[in-house]
Every structure is written in C-alpha cells, then in structure tokens.
There are 4 protein chains.
Amino acid sequence: MTKTRLEAFSDGVIAILITIMVLELKVPHGDDWDALAPLWPVLSSYVLSFIYLGIYWNNHHHLLHLSSHINGTILWANLHLLFWLSLVPFVTAWMGENHFAALPTAVYGGVLLLAGFAYWILERAIIAAQGKDSKLDAAVGKDWKAVASTLLYASAIPLAFVHQWIADGIYVFVAMMWFIPDRRIEAKIAG
Amino acid sequence: MTKTRLEAFSDGVIAILITIMVLELKVPHGDDWDALAPLWPVLSSYVLSFIYLGIYWNNHHHLLHLSSHINGTILWANLHLLFWLSLVPFVTAWMGENHFAALPTAVYGGVLLLAGFAYWILERAIIAAQGKDSKLDAAVGKDWKAVASTLLYASAIPLAFVHQWIADGIYVFVAMMWFIPDRRIEAKIAG
Amino acid sequence: MTKTRLEAFSDGVIAILITIMVLELKVPHGDDWDALAPLWPVLSSYVLSFIYLGIYWNNHHHLLHLSSHINGTILWANLHLLFWLSLVPFVTAWMGENHFAALPTAVYGGVLLLAGFAYWILERAIIAAQGKDSKLDAAVGKDWKAVASTLLYASAIPLAFVHQWIADGIYVFVAMMWFIPDRRIEAKIAG
Amino acid sequence: MTKTRLEAFSDGVIAILITIMVLELKVPHGDDWDALAPLWPVLSSYVLSFIYLGIYWNNHHHLLHLSSHINGTILWANLHLLFWLSLVPFVTAWMGENHFAALPTAVYGGVLLLAGFAYWILERAIIAAQGKDSKLDAAVGKDWKAVASTLLYASAIPLAFVHQWIADGIYVFVAMMWFIPDRRIEAKIAG
C-alpha cells in the first residue's frame with residue numbers, strides 16, 4: 001500500500017513536470033514560419049528535458065520495483081529527488097529562451113547533477129532498508145552509470161563557460177547512456 | 001505492476017494535457033458578448049483537440065488492455081507517443097488564435113500525423129513483445145483505420161495551403177472515424 | 001481494470017481542474033491589504049467552484065461505485081461530463097474578475113446546467129448497461145435532485161439578467177443541496 | 001475501493017500543488033547572475049512550501065493508512081484540507097515576491113494555521129468513524145504536535161508584524177518538528 005502511493009505520487013509529479021514544460025512553448029502571435037522560427041531553441045531544450053524526465057521515470061520505476069518496503073527515510077529521499085526534478089522546467093525554459101547561453105547551460109547541468117545525486121541517495125536509502133541481502137544492491141552494484149553521470153555533469157558545468165556546446169553535448173551523451181532502461185535491474189527482475 | 005504504472009503515468013499525462021489546453025482560453029477583460037466572441041475559434045480548436053485526446057486515451061486504454069507484459073521498448077514507445085501528444089495544446093492554441101490559418105492548420109496536422117505514427121509504433125512494439133500468438137495482432141490485424149488516418153493526415157497537410165477548411169474537415173472526419181472505440185479490440189476482450 | 005482506469009483518469013482531470021483554478025488568483029504586486037482586497041470576488045468564485053467540483057467528484061465516486069462494467073458509451077459519456085467540467089475554471093475566473101456581472105454569471109450557470117445534464121446522461125448510460133435489475137437505477141430512482149438542479153440552473157440563467165445575486169444565490173443553494181453526498185446510494189452500498 | 005480513490009485524488013491534488021508552485025519561478029529575461037539574483041526570495045519560499053506540502057502528503061499518507069472505512073464526513077473533511085492546501089501556492093508566491101514582507105508572511109501563517117486545523121478535523125472525523133476502539137486514536141492520542149503547531153502558527157501571525165523573520169523562523173521550526181514522519185503511527189503500523 002505504502003509503496004503504491006509513493007509510486008503514484010511520484011508518477012503524478014513527474015507527469016505534471018513533463019507536461020507543464022510545454023507551457024513554456026509560448027504560442028506565437030503570427031501565423032507564418034517567421035513566427036515559429038524563434039521557438040526552436042525552446043523546443044530543443046524541451047525535447048532534451050522530456051527525455052531526461054522520461055529516463056528518471058523509467059529508472060525510478062525499476063528502482064521501486066526492487067524495493068520491498070518503504071520507511072520515512074525513503075519517503076523523504078524520494079521527495080528530495082522530486083524537488084530537484086521540479087526545477088527542471090524552470091532551467092529548461094531559461095536555457096531555451098537564452099539560446100543555450102553559458103550560464104543557463106551551466107545551471108541546467110547543476111540541477112541535473114543535484115537530481116542525479118538525489119537519485120543516488122534514494123538508491124542507497126532503499127538498499128540500507130533492505131539490509132545486507134539487498135536485491136537492489138546485487139542488481140546495481142557500484143552503479144558505475146550513476147558515478148559516470150555525476151562526473152560528466154560536474155565537468156559540464158565549468159565547460160559551459162569554455163563553450164556551451166561542449167556542455168550541451170555532454171547532456172545529450174549522458175541522456176543517450178541512460179536511454180536504455182537499466183538492463184541490470186531488468187535482468188534481475190526476470191531472473 | 002509495471003503495466004499498472006505505465007497506464008497510470010499515461011493517464012496522468014493525458015489528463016494534464018486535456019486540462020492545460022483550457023488555460024489557453026484566456027479570460028476576457030469585458031463582461032459582455034463582444035468580449036466573449038473572439039474566443040470561438042480558440043474554443044472550437046479546444047473541442048477538436050479534446051476529442052482527439054479523448055480518442056487517444058480510449059484507444060490507449062484498449063491497447064494496453066490486450067498487452068500482457070511491458071519491456072523497455074514499450075516504455076519508450078509509449079513516452080514517444082506522449083511526446084507528440086504533449087505538443088497538441090501548443091498547436092491547438094496556435095491554430096485557434098490564428099483563426100485556423102493555413103500554416104498552423106498544417107502544423108496541427110503534422111503533430112496528429114506524428115502522434116498517429118507513434119501510436120502505430122507502440123502497437124507494433126506490443127505485438128512484437130507478445131510473439132506470434134499475439135492477441136493484439138489478431139485483434140487489430142492490418143489496422144486499416146491507422147493506415148487510413150495516416151494517409152488522411154498526410155494529405156491534409158498540403159491541402160491546408162489550398163484551403164484550410166479542407167484540412168480542418170479532414171481532421172473532423174478522422175476524429176469521427178475513431179470516435180467509436182475500437183470495436184475489434186472490444187469484441188476480442190468480450191470473446 | 002477498465003473501471004479503475006476510468007476512475008483514475010476522471011480523478012486526475014478533476015484534481016487538475018480544482019487546482020488550476022487557483023492559478024487565476026493572480027499574485028498582487030503590493031504587500032498590503034489594499035493589494036489583497038481586489039481578490040475577494042475571484043476568491044469567492046473559486047470557493048464556489050471548488051465546492052461544485054468537490055460535489056462532482058464525490059457523486060462521480062458514488063456513481064461509479066454502483067456501476068459494474070464499462071462500455072464505449074459510458075467512456076464517452078464520462079469524457080463529455082469532463083469536457084463541461086473543464087470549462088469551470090474559465091467561467092469561474094470570468095465571473096470572478098467581473099465581480100459577478102450578469103452575463104458571466106449567466107454563462108457560469110449555463111456551464112453548470114450542461115455539466116449537470118452530462119452527469120445525468122452518464123447515469124442513464126450506466127443504468128442502461130446494467131439492464132433492468134440495475135442497482136444504480138434502484139438507488140437513484142427518478143433522481144429528483146438532478147431534475148431539481150436542472151430546473152434551478154435553467155431558471156438562474158435568465159434571472160441573472162434581472163439581478164445577478166438571484167442567480168448566484170441559486171448556485172449556492174444547489175451546492176448546499178448536493179453538499180450532503182448521495183445518501184440513497186450510500187444506503188444502497190451499505191445495505 | 002473508496003479509500004483508494006480518496007488517496008489517489010488527494011495525491012493528485014498535492015502533486016499538482018507542489019509542481020504548479022514552480023510556475024511562480026518566472027523565467028528571467030537575462031542570461032547572467034544579475035537576472036537570477038532576484039529569484040532567491042521566491043526560491044526560498046518555494047523550498048519552504050515544498051517541504052510543508054511534503055509533510056502534509058507524508059502525514060496524510062500515515063493518517064489514511066490507519067483509517068478503515070470512509071464516510072461522507074471524511075470525504076468533505078479531506079476536501080476541506082485540500083482547499084486550504086490549494087491556497088499555499090498563492091501565499092507562497094505572494095510572500096516570495098514581496099521578500100517576506102510582514103503582511104504576506106502573516107497571511108502565509110494564516111493559511112498554514114487553517115490547513116493545520118483542517119488536518120485536525122480530518123483526524124477527528126476518522127477517529128469518530130472508527131468508534132471507541134479507534135486504532136488512530138490510540139496512535140495519535142492527544143496529538144500534542146498538532147496542538148503545538150496550531151499555537152505556534154497562531155503566535156507567528158501577530159509576530160510577523162513585530163518582525164517578519166520571527167514568523168518565518170517559526171514556520172521553519174514547525175516544518176523541522178514535522179519533518180520526521182509520525183513515528184507514533186509508524187510504530188503502531190509496525191506493532
């Protein structure tokens with residue numbers, strides 16, 4: 001029961017975040033291509049963040065699937081993750097409307113870094129609750145993907161000031177890396 | 001469990017999309033009929049898109065009902081469909097505020113075409129996961145309704161530049177064609 | 001399964017409608033009572049519509065509880081009800097921002113009338129699906145409350161042009177009449 | 001069934017409230033730190049309200065967990081709580097945009113006070129429905145935390161006019177006090 005509500009609440013928040021981002025695609029006043037053209041950076045940043053939130057939803061999904069019971073620490077670790085994800089629409093719009101300028105791109109990376117860190121905390125909280133025979137621990141191990149993502153986000157932030165496209169390229173690369181749902185957990189579920 | 005969350009997440013996203021569209025019905029400043037009159041095109045495009053999203057929700061519903069288990073490909077095919085649906089409020093508002101002008105009407109058709117294509121991909125992903133005895137495959141067969149819709153949308157896009165009402169008429173016609181929930185699947189469920 | 005998704009989708013839409021109305025409470029620029037004062041009509045119309053949507057959620061809840069299986073007609077009758085409810089935030093804001101002027105008050109009543117009518121259609125669709133031993137039919141009978149509400153809304157619309165407070169008084173009266181959840185159905189469930 | 005829908009609806013409303021607050025973080029026009037700086041008070045008030053809504057969700061969660069059946073009074077007591085919570089985004093934005101000025105800070109406390117009171121009414125309604133062997137009553141007892149919160153909010157309102165930071169400090173203190181999910185109920189569930 002508790003787990004069901006945690007999942008439902010998280011699904012609700014992520015579903016809302018993924019859809020309110022589209023409100024930043026402001027309806028242009030003209031009815032020709034010139035009116036539509038300035039929307040491309042906003043649309044691009046929307047696509048990137050849609051994929052990131054999709055990844056978080058997918059992985060959150062797998063994570064909870066392997067967790068058996070929920071305690072207060074897990075509830076708050078989950079809300080902490082949702083907090084950082086809730087800032088995604090804001091940084092997405094800021095980055096998009098400023099045509100991927102250096103500072104918004106760096107701040108976008110900062111939010112991804114903190115969301116990634118919050119996800120890792122949630123993972124550890126679930127593993128701690130399961131004790132030493134944790135199925136989740138066995139499935140994710142040292143979680144090199146999480147470690148690699150963290151290092152990549154952390155390097156993207158200063159690199160945004162060298163050139164923003166380096167940072168944006170890193171965000172696209174990390175998204176592709178996670179695009180494939182966590183096969184380790186999937187294998188564990190099937191096995 | 002997995003299927004339940006996929007349905008719940010999709011329901012959440014579609015429920016939000018169907019309701020945030022109404023935010024484009026900007027509250028007029030006056031309190032007389034003159035203040036309300038300019039809203040008719042926006043209201044008409046809202047009604048059309050409400051019906052389309054209702055159709056997608058209904059059919060998605062039937063589709064998932066016949067699917068047995070969910071894999072990573074289905075998860076992403078579903079998110080891909082939700083992405084195109086998430087652009088519906090934007091193109092609805094753009095078309096409505098420009099009184100169904102040619103380009104917004106064509107772009108509206110483009111989003112419907114891509115959403116229809118994404119739905120077809122999702123259908124194929126579920127059938128592929130079910131293998132050769134797929135209940136869904138048996139129920140939908142070649143899915144002539146999906147094929148016909150695709151051809152109609154694809155023809156509506158250039159026809160919008162001949163006259164927008166031709167394209168809008170096609171959208172209304174396709175909506176009516178789908179209005180009746182997929183009886184083939186309903187029959188299969190009952191049978 | 002089908003019924004669960006129908007309930008979940010309806011709950012989602014009503015939950016979103018009840019909360020996006022609050023977005024019309026525009027944050028004032030000043031920080032004193034003078035800045036807050038102009039919000040009272042908007043807040044009053046929000047409270048009234050919050051109660052109406054709460055009533056619809058409660059009664060929808062009881063209605064579905066007594067329905068056994070869902071068909072295509074019920075799905076669309078439900079979407080039809082949700083369509084009229086989706087216009088509630090718009091008419092609420094329009095009425096509130098114009099200090100309950102005659103026309104917005106009459107249009108508000110029109111939306112309530114059509115929502116009430118859509119609810120009645122949904123009720124009949126469920127009863128028709130249940131056949132002659134319908135538990136819902138036995139519970140609601142001729143549904144005098146629905147009939148009375150319809151007559152009251154219908155009379156409120158012209159009376160808004162005599163004086164808006166007559167119409168607003170009728171809306172408050174109907175809300176109070178429904179405030180108590182449908183005891184007939186509750187009794188039926190318990191019995 | 002009834003309880004499930006009540007939980008789902010409440011989760012939906014709280015999930016939407018927690019995310020629409022972020023829409024008040026208006027995307028700045030510049031792309032430098034100067035553009036971001038004015039957002040700090042809005043962001044701070046967002047963090048505080050995010051935590052409060054998280055606390056309400058957590059405690060609501062525990063509360064419903066111990067409730068066995070739902071009646072009309074509980075449904076309306078729950079909607080009454082959701083009404084006050086629905087005003088949180090408004091008062092959060094008003095307080096944040098006015099840099100925690102005295103009146104908005106006091107009004108924020110007023111909404112917290114009324115939400116706290118509504119929570120207490122809901123708790124009593126559930127206990128009343130359970131009768132004299134109420135598990136919830138045994139778990140929460142006199143609920144000193146609720147009483148203390150009420151007294152603290154009530155004192156924060158006048159103190160906001162002495163100095164707003166006293167009131168803001170009280171809000172942070174109460175949040176910390178509730179941060180730990182209700183161990184009494186958790187113990188009862190486990191026991």
When residues of the stretch D:92-139 are limited to those that are under 17 Å from the mean Cα position of the chain (by Cα) and hydroxyl-bearing (Ser, Thr, Tyr), the one farthest from D:Leu53 (Cα to Cα): D:Thr105
Kindly indicate whether D:Trp33 is aromatic (Phe, Trp, Tyr) and farther than 21 Å from D:Leu136 by Cβ. yes
Going by the structure shown, is C:Ala129 within 21 Å of B:Asp32 (Cα to Cα), surrounded by fewer than 21 Cβ atoms within 10 Å (Cβ to Cβ) and within 14 Å of chain B (Cβ to nearest Cβ)? no
Hey, D:Ala77 at the interface with chain C (Cβ under 10 Å from one of its Cβ atoms) and either surrounded by 19 or more Cβ atoms within 10 Å (Cβ to Cβ) or closer than 20 Å to A:Val13 by Cβ (or both) or not: no
Mind checking which residues of the stretch C:1-55 are open to solvent by less than 40 Å² (accessible area, probe 1.4 Å), of a type in the set (S, T, N, Q) and either facing chain D (nearest Cβ under 9 Å) or over 20 Å from B:Leu6 (Cα atoms) (or both)? C:Thr19, C:Ser45, C:Ser49
Could you tell me whether any residue of the stretch C:139-151 is crowded, with 20+ Cβ neighbours inside 10 Å, touching a Ser or Thr at 6+ places or on another chain (Cβ under 8 Å) and in contact (Cβ under 8 Å) with a residue 60 or more places away in the chain? no
Taking the condition of being out of contact with any helix residue (DSSP H, G or I) (no Cβ under 6 Å at 6 or more places or on another chain) and either open to solvent by 20 Å² or more (accessible area, probe 1.4 Å) or not in a helix (DSSP H, G or I) (or both), how many residues in the stretch A:155-178 meet it? 10
Check off (1) within 17 Å of D:Ser10 (Cα to Cα); (2) modelled with pLDDT under 90; (3) more than 10 Å from chain D (Cβ to nearest Cβ) for C:Asn58 and give me the number that stays unchecked. (3)
Considering only the stretch A:165-191, how many residues are modelled with pLDDT of 90 or more and more than 14 Å from chain B (Cβ to nearest Cβ)? 10
Count of the stretch B:88-105 residues which are more than 7 Å from chain A (Cβ to nearest Cβ) and open to solvent by 10 Å² or more (accessible area, probe 1.4 Å): 3
Does A:Phe83 satisfy being at the interface with chain D (Cβ under 9 Å from one of its Cβ atoms), within 20 Å of A:Ile18 (Cα to Cα) and either modelled with pLDDT under 90 or surrounded by fewer than 22 Cβ atoms within 10 Å (Cβ to Cβ) (or both)? yes
Let me confirm something: among D:Leu136, D:Leu113, which residue is open to solvent by less than 10 Å² (accessible area, probe 1.4 Å) and either in contact (Cβ under 8 Å) with a residue 40 or more places away in the chain or not in a helix (DSSP H, G or I) (or both)? D:Leu136
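The values are calculated or read from the model by the stated rules, or taken from the named source; none is laboratory data. As the structure is a prediction and not an experimental result, all values here were calculated from the model. Because the Cβ atoms are built from the backbone with ideal geometry, glycine has one as well, and the counts that use them run over all protein chains shown. Surface accessibility is based on the protein's heavy atoms, side chains included, excluding ligands, DNA and RNA. Shrake-Rupley method; radii C 1.70, N 1.55, O 1.52, S 1.80 Å.
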